[in-house]
Every structure is written in structure tokens, then in C-alpha cells.
Amino acid sequence: MKILHTADWHLGHSLNGFDRYAEQADALRQVVETAQREQPDVFILSGDIFDTAQPSSAVRRLFSETLVGLRDAAPAMTVITIAGNHDSGSSHEVFRRPWERLGIHTFGTIDRNDIGSHIVRAGNGGIVAALPYTHPRNLPEGFAERLASAAAEASDGVEPVVLAAHTTIAGCDYSGHDSATELTAGGVDAVSAEDLGSGYDYIALGHIHHPQTMGGTGRRVRYSGSLTAVDFSESYSHSVSIIEIDRHGDEPKVRTEEIVSIRPLVTLPSRDFASWERAMELLRDFPADAPAYLRLNVLADGTVPTDAAAIAEEACAGKLARFCRLNMKRPETAAETRRLMSVEELRESDPIEIAMRFADDIGEELSDESIGLLRETIAIVREELRN
């Protein structure tokens, strides 16, 4: 069984007001070409097809034309798409029956009463269970386990069994997601891989934008990652995943096909922060014939003009590159590079020393009078504690 796995297309996404239709359409062209070249048994799109729940008619048409292109490119391939947290699940269901006539299976919501409707048999062998994104409070208890059992029952014991899902798996690399924690990323709470059910040969995940195979799973649990960079923080290559599984129980063989953006997101300088003067030098030297979205990494050292963004935009006049934003960072101070104190160290330290460190951190200096008043206050507090 050969699988072409992709996710997180975010069609209709705009960057700082710039429409990204052209580069997204080109990325989808590359996906269709990959399908034509690889001739997989099944194509899995694991959610976040659109960037918003109400995409424009042009964006919907781009998606529909891509599905038709996939069918033409690989006529024997079964196509499976599931809704992500950015998608409207109900809208995803509207044309489900007509699409099925073309061998395209779209899953937008959970069918509590017919779990078998979530099971698809791939044309040339293999079983795929589809689990579209659903808020945990709307997911029936035990649904994932019952879905895994239904998929196993549909298999003859030799056919590979696969799950398509859209969620956050605890412990994965959240690079590219702002405000991610160990408990949540992108507004979706983390679960363990075991919570998705057992017995799958491969779990094709969407939601996390950094492509990765989860460690300790024998290559069975993987995020294909976003198709193109959604933000400048996604400073890694983007691709689709090609998975091959000989039979049920075998470890998947995983490889990737890079998707090259015709207008990449570029940060100047790429790995560090520079003075305003140096950043502008890099911007002026950026090739005029290179399409890109640009971000400047600039040290906020007091030399950045108030109209910096306007100056940077003007510097891009006549270039194919589009200036998007300034990424500002204060120069590191001794306070920022200083090692944090443990609780034990805090307890053993002199309160005056701690106060002086705090004052230094915020750029202030304690006067002798302030230190004297602080010593008196500490003495009074200690006396009261003894009594």
C-alpha cells in the first residue's frame, strides 16, 4: 500500500494583507504532479484544508479543481480528506455523496450512529479510518477505540490499516506554532497517540506544521506538516510524505517530496538580529528579481526610526519582494543572560541582594536611603515572625 500524505494547506491564507493564491495554486500543482509520478493507492489530506471556515468562492474552486486534478493524475487512487479545526465540518459534508462517485471521500463531522461510514477501502488494498477534527466535548466516549476496532474488522489481517486524524500529539515539535505549550498547540489540546486507538500501521496526522515522525512509534505516527509556510516562524522545508507499507504489521517506509514555494518567506538576517542600519543594507541588497515575503530581524537599540516600516516598504519599490514586517528584539542585557535562581538559592540569599538584582534587571539603582529603609523593614518583619 502506497500513501501520499499531506495536510494543513490553509488555502485562502493571507500574509500581512498579501493574497497568497498564486503560490498556493503552484504548490497544489506540485502535489498533483507528485501523485501522477508516484501513483499511490490512497491520497490522505489530514485537515486544515482552508485557512478559515468561510473561504472565498475562488479558493473553494481551487480546492475542487485540485481534487479533480488528483483523480485525473492517478485514476486508481482513492482520495480521502478530513476537516481540521480551521475548516467548517458541516460545509465539508455538503457534497460528500457526489464526490464519492469520483472515488473522493470527504469527512467533516462525526457520525455517532454509523461508525462504519468512517471506514474506506483503498482501491488496491488497505483500510483507512477517517477521524475529522471534533472538539473533545463533542467526541463520543470510546469513539476512537470503536473506530480502530471497526477498521481492524474491515481488514483481512494482511491489508495495512491506516488512520487519518487532525489533532495535537503530546511531545511533538511545535515549531511554527505561537503560544504552544506541552498541553496545547494551535488551540487544540494535546492527546497521546494511544488515545487515537491501537492496531494501526500508520497514523496520518494533520495540525502541527513541522513535518515529523513521532519517536518511539516505529514510524507509524507522522505529521506531514504544512504544505507551504504559514508564517516566518516556519523556517524549515515543506513537503508531502510518501508512505509504503507491504502488509499489516510491517514498519512503514517513509520518504518526502519537497514542495518549493514560488514566493518563499525570507528573514533578514536569517539567524540573528542586526542593527537597523545593517538590516536595511541587507534589504537594499536583496535581489530585485527574487519574489519573496520579507521580514527584518532588527535590534531595538534606540536607532530604529518611528517610520521604520514605511522606510522598509519604500526600499522594496521596484523589487518583486514584498516587505511584511519588522521583528524587533531588545539587545541582551546582563539581567537577560543571567542564570535564574532556584527556590533553594532564593531562600538562602540575602533579601537586599535579591532587591538589588531586581532593580538592576529593570534598569534602576537602589539608593543608600532605600537600602537602609529596606533593611529596617526586613528587621521588623523578622521580629514579628519570631513573635
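The values are calculated or read from the model by the stated rules, or taken from the named source; none is laboratory data. Computed from a predicted model, the values in this text were never measured in an experiment. Cβ placement follows ideal geometry from the backbone for every residue including glycine, while neighbour counts extend to all protein chains displayed. Surface accessibility is based on the protein's heavy atoms, side chains included, excluding ligands, DNA and RNA. Shrake-Rupley method; radii C 1.70, N 1.55, O 1.52, S 1.80 Å.
Hey, what does the equivalent ellipsoid look like for region 211-326, semi-axes from the Cα gyration tensor as sqrt of 5 times each eigenvalue, largest first, whole Å?
40, 16, 9
Could you pull out the longest piece of the chain with no exposed loop trypsin sites (Lys or Arg not before Pro) in it, calling a site exposed if DSSP puts it outside H, G, I, E, B and it has at most 11 other Cβ atoms within 10 Å?
Answer - 113-270.
Considering the options 176, 126, 225, tell which one lies farthest towards the positive end of the dipole of region 110-239, charges being +1 on Lys and Arg and -1 on Asp and Glu at the Cβ, about the Cα centre.
126
Quick check: net charge around residue 20, other residues with Cβ under 12 Å of its Cβ, Lys/Arg +1 and Asp/Glu -1?
-3
Find, among the GluC sites (Glu not before Pro) in region 126-160, those assigned to loop by DSSP (not H, G, I, E, B) with at most 14 other beta-carbon atoms within 10 angstrom.
The qualifying sites are 141.
With contacts defined as alpha carbon pairs under 8 Å and 6 or more residues apart, what's the relative contact order of the chain in percent?
So the answer I get is 13 percent.
Could you give me the ³J(HN,Hα) list for region 81-92, computed from phi with Karplus coefficients 6.51, -1.76, 1.60 and θ = phi - 60°, whole Hz, x at Gly and Pro?
10, 10, 6, x, 6, 7, 8, 8, x, 5, 5, 5
Lys and Arg at +1, Asp and Glu at -1: add these up for the other residues within a Cβ distance under 12 Å of residue 286 and post the number.
+1
Take the alpha carbon atoms of region 64-132, find their radius of gyration, then divide it by 2.2 N^0.38 Å using N residues; give the quotient.
That ratio works out to 1.09.
To the nearest 10 degrees, how steep is helix 368-386 against the longest Cα principal axis of the chain, on a 0 to 90 scale?
With both axes taken from Cα atoms, the answer is about 70 degrees.
Assuming a viscosity of 0.890 mPa s and a temperature of 25 °C, what translational diffusion coefficient in µm² per second does Stokes-Einstein assign to region 131-227, Rh being the Kirkwood radius over Cα pairs?
In µm²/s, the coefficient rounds to 176.
If you take the charge dipole of the chain about its Cα centre, with +1 on Lys and Arg Cβ and -1 on Asp and Glu Cβ, which of 31, 86, 196 is farthest toward its positive end?
After comparing all options, I get 31.
Could you give me the percent of Cα pairs per 5 Å distance bin for region 177-272, shortest bin first, beginning at zero and ending with the bin that holds the maximum distance?
2, 11, 19, 20, 18, 14, 8, 4, 1, 0
With a probe of 1.4 Å, find how much accessible area region 79-150 has per residue, and write the answer as a whole number in Å².
I get 47 Å² per residue for region 79-150.
How high is the relative contact order of region 1-99, in percent, counting Cα pairs under 8 Å that sit 6 or more residues apart? Could you put the intermediate results ahead of the total?
Numbers: 139 pairs, mean separation 35.2, N = 99.
Dividing the mean separation by the residue count of region 1-99 yields 36 percent.
Around residue 181, under 15 Å between beta carbons, what's the net of Lys plus Arg minus Asp minus Glu among the other residues?
-4
Under a cut-off of 18 Å between alpha-carbon atoms, report the lysines in cross-link reach of residue 253, not counting same-chain residues fewer than 8 places apart.
Result set, ordered by chain and number: 2.
Over region 1-48, one equal point on each Cα, no solvent: what is log10 I(q)/I(0) by the Debye formula at q = 0.20 Å⁻¹?
So the normalised log intensities work out to -0.72.
Cα gyration tensor of region 1-151, axes a ≥ b ≥ c as square roots of the eigenvalues: rounded (a/c below 1.5), prolate (a/b > b/c) or oblate?
On the way: a/c = 2.05, a/b = 1.20, b/c = 1.70.
Note, shape of region 1-151 comes out oblate.
Can you work out ³J(HN,Hα) from phi for every residue in region 165-173, in order, using Karplus 6.51 cos²θ - 1.76 cosθ + 1.60 and θ = phi - 60°, giving whole Hz and x for Gly and Pro?
Result, ordered by residue: 8, 10, 6, 9, 9, 4, x, 7, 7 Hz.
When the chain is fully extended, how far beyond the present Cα-Cα distance does residue 91 get from residue 53, taking 0.36 nm per residue of separation?
Working it through step by step, the gained length comes to 12.8 nm.
Using the alpha carbon gyration tensor of the chain, what are the three equivalent-ellipsoid semi-axes (square root of 5 times each eigenvalue), largest first, in whole Å?
Result for the chain: semi-axes of 48, 31, 17 Å.
How large is the helix-only mean residue ellipticity at 222 nm for the chain, computed as the sum of -39500 (n - 2.57) over DSSP H runs with n ≥ 4, divided by its residue count, in deg cm²/dmol to the nearest 500?
-9000 deg cm²/dmol
Taking the Cα centre as origin and putting +1 on Lys and Arg beta-carbons and -1 on Asp and Glu beta-carbons, what dipole magnitude results for region 149-201, to the nearest 20 debye?
On the way: 0 positive and 10 negative charges, 24 e Å.
The dipole of region 149-201 has a size of about 120 debye.
Can you give the accessible area of residue 275 in Å² (nearest 10), computed on protein heavy atoms with a 1.4 Å probe?
It works out to around 40 Å².
Dividing the Cα radius of gyration by the Kirkwood radius, what Rg/Rh value follows for region 93-136?
Result for region 93-136 is an Rg/Rh of 0.97.
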